[in-house]
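First the structure, which I've put down as structure tokens, then a few questions once you've had a look.
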Amino acid sequence: MRDLSISVHFVRSVLKNAVAQGLDPVGLLRKNRISPRLLLEDNARVSIERFADLQVNTMLAMQDEALGYATRRMPLGCWSMMCHAVIGCETLGQALSRFCRFYQLFEFGIQPHLEESPEAAIIRLQQVEDDSEPDPYLSELVLFNVHRFASWLVKEHLPLQVVELGYPPAAQPTDYRHMFLGNPVEFDQEHTRMQLAPSLLDKRVNQSEASLRHFLRHPVLIMLTGSYASDSWTARVRDIVSGNLADMPELGEVAQRLELHPQTLRRRLSGEGTSFKEIKNQLRRDTALHFLGKQGLSIEEIAYRAGFSESSAFIRAFKGWTGVTPYTYRKGL
């Protein structure tokens, strides 16, 4: 399940250590066309493009790929070198093993380890001995990078059996689930780890040195927005609805096109961690955020493109999604 906007919680996390590094977080936000006011709203969301640029520019400003979360600075270029070390692997299992081995060379608080058994393949984050408890966002960043990079390698959004986090959620649990593409996320677990079917390790790596050069131009954005062929019911519904936001179809109409009973479609979407209403709201919200970043479109035109017949209804909905009006959001860009 791919989301094209992201909770302000993750924006705050990117900037958490900026002041300690002598940086101005407000300046970083404005440089990346994110309104500082959004950080005051717990329900606010930011477009994926703005978030990706913020994360990269904050890493560059800090000269630290770990954003100040690790016990020591992770120099710029580590990610690129890991990618070059992995790209020659034939299978996903080899790639994940090499990914983990690469980051085990650094003592920065936590290290990823690949554990294989007949029941599951697990990427477990192990705390480096004698180090203080790592900040949760460092764990989330590592697991996110493993999952999205692995998906890019095989050109498929890899299904996960579960993501286990050893701490309570700092944002809405659904925000974490979106970050892991709709896969199950459990909190307050004994270990922090990611579990997938062992058969996935046999998948072939479908990228090359040539495609890696393109990937490394903006890996954060590509991992956040990468879209691969998907047979999920969520993807099928999104495709139908996104093609006609101005004349939003009802659940029954979508179910008919998919040759399902409406109740069956409702159950299948629920099994994938979403609902028809949530898909519609996500598409409307993300469409609005996208077009608000463009010049020359009126609020009325954006409302229409996002599937609203009246701008007043759009303004109310947008404030519910982000905590601010479309006018305020655009002014802060």
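If SER35 satisfies every condition in (1) closer than 20 Å to MET74 by Cα; (2) buried (at least 21 other Cβ atoms within 10 Å of the Cβ); (3) polar (S, T, N, Q) but one, which is the exception?
(1)
Next question. Answer yes or no: is there a residue in segment 208-225 that is more than 28 Å from GLY307 (Cβ to Cβ), within 17 Å of the chain's Cα centre (by Cα) and surrounded by fewer than 16 Cβ atoms within 10 Å (Cβ to Cβ).
Yes, segment 208-225 contains a residue that is more than 28 Å from GLY307 (Cβ to Cβ), within 17 Å of the chain's Cα centre (by Cα) and surrounded by fewer than 16 Cβ atoms within 10 Å (Cβ to Cβ).
Condition first: part of a loop (DSSP other than H, G, I, E, B) and either over 17 Å from LEU158 (Cα atoms) or under 23 Å from the mean Cα position of the chain (by Cα) (or both). Now tell me which residues in segment 110-129 satisfy that. Break it down into steps so the answer makes sense when it comes.
Start the filter on segment 110-129 by keeping residues that are part of a loop (DSSP other than H, G, I, E, B), which leaves 117-120, 128-129.
Selection gives SER117, PRO118, VAL128, GLU129.
For (1) assigned by TED's automatic domain parsing to the domain that holds ASP135; (2) surrounded by fewer than 18 Cβ atoms within 10 Å (Cβ to Cβ); (3) of a type in the set (Val, Ile, Thr), each residue gets a yes or a no:
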position: SER13; (1), (2), (3): yes, no, no
position: ASN17; (1), (2), (3): yes, no, no
position: ASN43; (1), (2), (3): yes, yes, no
position: ILE48; (1), (2), (3): yes, no, yes
position: LEU60; (1), (2), (3): yes, yes, no
position: GLU65; (1), (2), (3): yes, no, no
position: ALA95; (1), (2), (3): yes, no, no
position: ARG98; (1), (2), (3): yes, yes, no
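Can we say ARG204 is closer than 30 Å to ASP42 by Cα and basic (Lys, Arg)? Reasoning before the result, please.
Details: closer than 30 Å to ASP42 by Cα: no; basic (Lys, Arg): yes.
Here the answer is no, as ARG204 does not meet what is asked.
Please specify each residue of segment 150-183 satisfying the condition of being in a loop (DSSP other than H, G, I, E, B), within 23 Å of PHE99 (Cα to Cα) and of a type outside the set (Phe, Trp, Tyr). Before the answer, list the steps.
Of the residues in segment 150-183, the ones in a loop (DSSP other than H, G, I, E, B) are 155-161, 165-172, 180-183.
If we keep only those that are within 23 Å of PHE99 (Cα to Cα) too, we end up with 155-161, 165-166, 180-181, 183.
Listed by number, the residues that qualify are LYS155, GLU156, HIS157, LEU158, PRO159, LEU160, GLN161, LEU165, GLY166, LEU181, ASN183.
Right, here's the next one. Search segment 259-272 for residues that are modelled with pLDDT of 90 or more and pair each with any residue that is aliphatic (A, V, I, L, M) and assigned to a helix (DSSP H, G or I) when their beta-carbon atoms are under 6 Å apart and the residues are at least 6 apart or on different chains.
Qualifying pairs under 6 Å: PRO262/LEU251; PRO262/ALA255; LEU265/ALA255.
For segment 222-230, does any single residue satisfy the condition of being of a type in the set (S, T, N, Q) and either at positive phi or without any contact (Cβ under 8 Å) to a residue 12 or more places away in the chain (or both)? Give the derivation first.
If we filter segment 222-230 for residues that are of a type in the set (S, T, N, Q), which is where we start, we get 225, 227, 230.
Add one more test, that the residue is either at positive phi or without any contact (Cβ under 8 Å) to a residue 12 or more places away in the chain (or both), and what stays is none.
No, every residue in segment 222-230 fails to be of a type in the set (S, T, N, Q) and either at positive phi or without any contact (Cβ under 8 Å) to a residue 12 or more places away in the chain (or both).
Oh, and also: Taking only segment 105-150 into account, find how many residues are hydroxyl-bearing (Ser, Thr, Tyr) and buried (at least 18 other Cβ atoms within 10 Å of the Cβ).
Keep residues of segment 105-150 that are hydroxyl-bearing (Ser, Thr, Tyr), which gives 117, 132, 137, 139.
Those still in the list that are buried (at least 18 other Cβ atoms within 10 Å of the Cβ) too: 137, 139.
Of the residues in that region, 2 qualify.
State the number of residues belonging to segment 62-109 that are small (Gly, Ala, Ser) and in a loop (DSSP other than H, G, I, E, B). Show your work before the answer.
From segment 62-109, those small (Gly, Ala, Ser) are 66, 68, 70, 77, 80, 85, 88, 93, 95, 97, 109; that's our starting set.
Restricting the remaining residues to those that are in a loop (DSSP other than H, G, I, E, B) gives 66, 68, 70, 77, 88, 109.
The number of residues fulfilling the criteria is 6.
Let me ask you something else. Sort out which residues of segment 56-100 are under 28 Å from LEU29 (Cα atoms), touching a helix residue (DSSP H, G or I) at 6+ places or on another chain (Cβ under 9 Å) and of a type in the set (D, E, K, R), and write them in order of number.
If the condition is that a residue be under 28 Å from LEU29 (Cα atoms), touching a helix residue (DSSP H, G or I) at 6+ places or on another chain (Cβ under 9 Å) and of a type in the set (D, E, K, R), then ASP64, GLU65, ARG73 are the ones that fit.
What residue, of GLU133, GLU119, is in contact (Cβ under 8 Å) with a residue 40 or more places away in the chain and assigned by TED's automatic domain parsing to the domain that holds PHE106?
From the options GLU133, GLU119, the qualifying one is GLU119.
The values are calculated or read from the model by the stated rules, or taken from the named source; none is laboratory data. Predicted, not measured: the structure shown is a model, and the values here were computed from it. Because the Cβ atoms are built from the backbone with ideal geometry, glycine has one as well, and the counts that use them run over all protein chains shown.
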